[in-house]
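Accompanying notes for the structure given below.
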Amino acid sequence: MAAAAAAAATRAVRRLLVASRSLHASASEGAAREAATSFVHPAAVVHPDAVVGQGVSIGPFCTVGASARIGDACQLHAGSHVMGDTELGERCVVLTGAILGSDIPGQTIIGENNVIGHHAVVGVKCQDLKYKSGDECFLQIGNNNEIREYCSIHRSSKSCDCTVIGDNNLIMGSCHIAHDCRIGNNNIFANNTLFAGHVVVEDCTHTAGAVVVHQFCHIGSFSFLGGGSVIAQDVPRYMMVAGDRAELRGLNLEGLKRNGFSDQEEREIELSETHEASLILWTGHVFSSCS
């Protein structure tokens, strides 16, 4: 009797385990199906030819054009728009009023994990009068960027060029990045920083608010541009500049510390030939420290 009871109990436990596993498997499959299902609000207008990934949320009054491609797990908040030949990578968030792309020849490519702020305009036609209607123009943005409210980022002015923004940049409210600019990685641009066409910004730079940078200037890595500065010349790496017109103010010591430079490395930079060359008469030519 005891053996029979033990066998019956064992069978009951096995049945419970099987039932529990089935229940968990069913719940997991249901969660996966829910995550994979995209939600499109009835008031949104999504062209039937648009490519929409899994787990995408498209809010009311959004529009998605015929050539648009929306990556998995993206969120388009109410009243945002994706137009033209525009590719939006996975897990991007497009906030209310933002406009991505334009119905002109060319392409806008935006990588993964980017946030596009309220009423930002990204990937539209440039403001260069040399642009010829019908020419292809391009914009490419990397991953993990935060582009805040009312920013404007324009495509290139020519089919042979491209406006480029790298990874991990914080572009604060009302900044402007014009045609054919090339922005590197890990930069911080404070509110109302304005870059004219063809500006090159390397990595780990920091601008304070209301900075204006003249076209074709080159901003070196780890430099700091003081608030309200007008930059009409190249800025060497590691330097701090400020003023109208901006002048060299010495090494960007605080920026170097924040980026992990040791005291010894700071002294070596200060004594290096690169630093000495950058302190010679500040001309409009590209410094060796920016090459």
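Listed by first and then second residue, the pairs with beta-carbon distance under 6 Å, at least 6 apart or on different chains, first residue in the stretch 106-123 and in contact (Cβ under 8 Å) with a residue 24 or more places away in the chain and over 18 Å from residue 137 (Cβ atoms), second aliphatic (A, V, I, L, M) and open to solvent by 10 Å² or more (accessible area, probe 1.4 Å), are 115/93; 117/95; 118/95.
Residues considered: 218, 206, 179, 214. Of these, the only one that is free of Cβ contacts under 8 Å to residues at least 40 places away in the same chain and open to solvent by 10 Å² or more (accessible area, probe 1.4 Å) is 214. For the stretch 63-92, taking the residues that are assigned to a strand (DSSP E or B) and buried (at least 19 other Cβ atoms within 10 Å of the Cβ), the one that is farthest from the chain's Cα centre (by Cα) is identified as 64. Tallying residues that are open to solvent by less than 80 Å² (accessible area, probe 1.4 Å), without any contact (Cβ under 8 Å) to a residue 60 or more places away in the chain and in a loop (DSSP other than H, G, I, E, B) within the stretch 126-141 yields 3.
Residues are listed down the side, and each one gets a yes or a no for (1) charged (D, E, K, R); (2) touching a Gly at 6+ places or on another chain (Cβ under 8 Å); (3) at negative phi; (4) not in a loop (DSSP other than H, G, I, E, B):
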| site | (1), (2), (3), (4) |
| --- | --- |
| 143 | no, yes, yes, no |
| 150 | no, yes, no, no |
| 153 | no, yes, yes, yes |
| 156 | no, yes, yes, no |
| 159 | no, yes, yes, no |
| 167 | yes, yes, yes, no |
| 174 | no, no, no, no |
| 179 | no, yes, yes, no |
| 185 | no, yes, yes, no |
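Within the stretch 112-125, the residues that satisfy the criterion of being surrounded by fewer than 21 Cβ atoms within 10 Å (Cβ to Cβ), part of a loop (DSSP other than H, G, I, E, B) and not charged (D, E, K, R) are 113, 118, 119. Of all residues being in contact with a helix residue (DSSP H, G or I) (Cβ under 6 Å, 6 or more places away or on another chain) and charged (D, E, K, R) in the stretch 236-278, which is modelled with the highest pLDDT? Just the residue, please. Once the filter is applied, the top-ranked residue is 237.
Candidates in the stretch 221-237 are the residues that are within 22 Å of the chain's Cα centre (by Cα) and hydrophobic (A, V, I, L, M, F, W, C); of these, the one that is surrounded by the most Cβ atoms within 10 Å (Cβ to Cβ) is 225. For the stretch 93-111, a residue qualifies if it is part of a strand (DSSP E or B) and either closer than 22 Å to residue 169 by Cα or within 15 Å of the chain's Cα centre (by Cα) (or both), and the qualifying residues are 93, 94, 99, 100, 107, 108, 109, 110.
The values are calculated or read from the model by the stated rules, or taken from the named source; none is laboratory data. In this text the structure is predicted, and so the values were computed from the model without any measurement. Don't worry about glycine lacking a Cβ; one is built from the backbone with ideal geometry, like all the others, and counts go over all protein chains shown. Protein only, heavy atoms only, side chains kept; ligands, DNA and RNA dropped before computing areas. Shrake-Rupley method; radii C 1.70, N 1.55, O 1.52, S 1.80 Å.
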